[in-house]
Each structure stands twice: as structure tokens, then as C-alpha cells.
1. Compute the length gained on full extension between residue 246 and residue 48: take 0.36 nm times their separation in residues and subtract their Cα-Cα distance, giving the result in nm to one decimal.
2. Would you calculate the separation in nanometres between label points at residue 306 and residue 421, each defined as 7 Å from the Cα along the Cα-to-beta-carbon direction?
3. Compute the length gained on full extension between residue 343 and residue 394: take 0.36 nm times their separation in residues and subtract their Cα-Cα distance, giving the result in nm to one decimal.
4. Once you place label points 7 Å from the Cα toward the Cβ at residue 219 and residue 503, how far apart are they in nm?
5. Given points 7 Å out from each Cα along the Cα-Cβ axis, report the residue 321 to residue 299 separation in nanometres with one decimal.
6. Find the centroid of the Cα atoms in the stretch 372-426 and in the stretch 502-552, then give the distance between the two in whole Å.
7. Could you give log10 I(q)/I(0) at q = 0.11 Å⁻¹ for the stretch 417-565, computed by the Debye formula over C-alpha point scatterers of equal weight, without solvent?
8. Arranged from highest to lowest average of other beta-carbon atoms within 10 Å per residue, in what order do the peptides 212-225, 524-537, 165-178, 487-500 appear?
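Nothing in this text is a laboratory measurement; each read-out follows from the coordinates by a stated rule. Model, not experiment: these values are computed from the prediction. Virtual Cβ from ideal backbone geometry, glycine too; neighbours counted across all protein chains shown.
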């Protein structure tokens, strides 16, 4: 499904349609093929005239076939890539056995492969076989994106000596929201790493002069004392190549042409540094000194502890502090631990909150009765510091996991519908208190049913995950991103001018339309439509939602793949 640009009032007149870019770049590569083949023939002749194997010339020959193989595949020139892959493997054996007798007649097989390449290149020039190739749409011109709204997007360095490969990945990963810098020379790559360390690198295996990408990674590790989170690219799937990549510390290995969606999935794992918010522990104990003692132990372990000495303050504190766990003294005046636990459990939002008793009580029956009141555990005073920390950490971590499962969408990790609705209410209330703006964006994928019907539900999931990834990289951590329905999303952008919000959503819309998705040997693109509403133009959560939804409907009705802003009140 290739969306039409018709009706897109936001696309610059200087932007070329995607297919024209593809066609232009593909033709440019095909026009280079005769010169590349001539260079290959010169190298073969040079090696044949030498009295002994010249590793530098053989390395250059290997690189030439390696580049033809990888770039040919990316452009969808499968026949060319297949021949180049065979020649690449043959020359690799020559490199791998430099002391092999000169009596081996290596020139005959190479001459035959070069002739096959010549015939294939001629067929492209004659236009006889291009329509048999697949995947030609997989290569597009670089799209420069400054990602000004979110300067915390992951910084990725790509080092590959084949410019076309680099351009393709820069374009696709840039559209997904990464900050991407590219290099075709290892020397420039190394200088850049020393100047500014990236979040991750994508590194080709083979470069001129016999130096490999894995050599470069190992060298940087030795110089800096730290491994670079790295993905290795190669035209070869040989065991030796994969082993050298592992030894250099690479996290993943892809054979060319690598799918940008697959690379992005690994990149997210490499660069995702979650600075976990410290566990929040509420301590209820009528003895201030002992409450302070337990608090100090937990705070020393990196947690946040809040102490209250009067049980009647617990509900106000629960709402304000939102703890991951409660530590309650079993015996207190006015209200004992059993009674307080029962009171807390009466509130549905606190049914799953872990409650642990702290007491000198050792009677098994009394401890059992406490557990029946809805208590998670029982720690006997005086506590052992390490045991207290371990017990609290285990239960608080489980609480965080369960809470995440309740509020997050399983496919994308975004907030689910219910949670997004709740956050709309709380975000609007906060905007009113702080006298700040709040923008709501409703987004819906265009023709998504057709994607599922044509390419399958796995391809549909790929589209949803890609859009989710773009939002995560492009938006701020303070913004709310929710999966509102199957192919519908909701964004809450806090304290942002309405014109900047519209510009941002349009920018994401345009970039998303340039992402190439794959399903088997088929490729397609997808677009989305968006409706925007804002506070204070609409001063209720329902008014904001209705206005954004109505604007989204209008965007669909006007031709899709566009953004409509609503400023009319619906209250």
C-alpha cells in the first residue's frame, strides 16, 4: 500500500514523492555499475600479474564484491547481488589462505563470475530484467531531521564505507526518531566517538586496507576502557565473521541488507537506560525513633521513605505519596495494624498494595490472623537491615510489575485506554493549577484494515510498534503517550504552544509516511491522520477528547494523511 500525496496540504512543494527518490537513486547506482566492474577487472589483472599473493589487492577485491552484494540487495537487484555474493565468498577463501600455492587456478572462476556480472549489468542497461527484481523500493534518499523537540533521542553512529547503505539507514532510523550520524571512513568514525560517545553504533565488518569493523570496535574499547553498544553489519553469515563480532563485544549481527525495523528493535534494547524511580515506602509506626530507624535503613538502600505516626493520616498520605509498599507496626494506639490493613483494603485502588507488618510478635497464630487481614508479609523486630531491604525490594518490585501490566499495553508498552483517560483528567487538572497549556492529539492509522488484510497481522503489529517507537523517541518524558484502541493513539503534550504542537505532529506524520515496512518480499508504507484540541480552548477532559476526535474525523473525511486543529468549544 503506497499512500498518495494528494490532498496533503502540509507537504512542502520541494519534497519529491517517495517513488521518484527511489527511482533516481536506483538508476544512479545502476549507472555506476560499469565503472565498478572495470575496477574489479583491474584488480583481478593486478593480482594475476603479481608473483605472490598481494593481500592488499585481494582485500580491495573482496571489498568491491562485498559492496556490490550488500548494495545490490538493498536496491532489490537480486540477480546481481547473488553473483556478487558468490564472488565475495570465493575471494574470502583467497584471503583466508594467503599461503596457498599459486598453482591454484583462481582466475578462471573469477573471470566467469565477472562475465556473469557484465551480462547482468547489460541487462539492466537494456531494461530487460529490472521488472523481475524485488525490493527496489527499499532504498530512499536521506531525510535530515533535527529532532529539535526532544533532544534526548538516542544518538546512533553508522559506519559503513558504502554511501548508499548509510543513506538508507540514516533515512529510516531518522524517521523513527533517532539522532543519526554517518561515517564512511573508520578514522572519522573514531574521532567522532572520542569527541562524543554515541548511545550505540551500527558498524560494517569490512573496510579498505584490511581493517575490519570489529578491529575498530576492539581498538576503541582498549583506548577508552569501555565497550560501545554495537550492531555489526556484514554481507557474510560465516561463522568466523560472527565469532569475531562477538569477541569485539557486538550485541547483534545482521547480514545485509538489514531491516531498519529489526535494527531499531535491537537499538532500543541497547540504548534504553531506565533510570528507575526509587521505590516509595510508607512507614506507619507510633514510635518516631523506630520509624526513623527503619527509614534510614531503606533510604541508605536508595529508597524513598515517608513516615507517619498517626494512623488516621494514612489515606491522605496514600493519595499524596502513592507508595509501592506499606510497612505497618502491628500494635498501635487508636488503630492496630490489623484494623488499618482492613481499612486500606476497602479502597479498590489499594487492594493490590503490598502491606508488611513490623512487630515483635512471634506468635504464629497471631501472625496468621494478620495475614488473613490482607497482609503480604511479617517482619519480626528487631529487623536485620539486609533482610528488611531484601524483603521490601522483592515485594515493591513485584508491585511495580503488576501495576505496569495493569496500565500498559502489552504490544507497545504505551499506556492503555483506561490509564490514558485517567491521565487526561489528572493532566488537565494540573494544567489548570499551574496555568499551563495542554494539547490533546488523537491519531489514527490510515487504511490499517487493508494492511492487516493484505500483509497479515504480524505486519500490522510492525506498523503499530514503529509508530509507538517514533512517539517515544520524539516526545518528552513528561508527555503522555497512549494506545487508545487498536490502531488509534492519544498524546497529551504538556505546556507547549499550539502552533508548535501542530508543527510537531505534522513533522512526525511526514516522517512516518517515509518508513518502509516489509512483509516477506513485499514492501509497503503507511500514514496516519491526526486531530488536535487544546486547553484552555476546551476546559473539560470530555471537551478536549471530543474536540480532538471530531478534528480527527475531519482529517479522515478530507482525504487522510493530514492534521486538523480544533479550536471550537464543545462544552
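1. On the way: separation 198, 0.36 × 198 = 71.28 nm, distance 3.51 nm.
That pair, residue 246 and residue 48, stretches by 67.8 nm at full extension.
2. Going from the residue 306 label point to the residue 421 one covers 2.7 nm.
3. Values: separation 51, 0.36 × 51 = 18.36 nm, distance 2.41 nm.
Net length gain for the segment: 16.0 nm.
4. 4.2
5. Inter-label distance under the simple model: 1.2 nm.
6. Cα centroid of the stretch 372-426 versus Cα centroid of the stretch 502-552: 33 Å apart.
7. Treating every Cα as an identical point scatterer, log10 I(q)/I(0) equals -0.40.
8. Details: 212-225: 17.0, 524-537: 22.1, 165-178: 23.7, 487-500: 18.5.
Ranking, from highest mean packing down: 165-178, 524-537, 487-500, 212-225.
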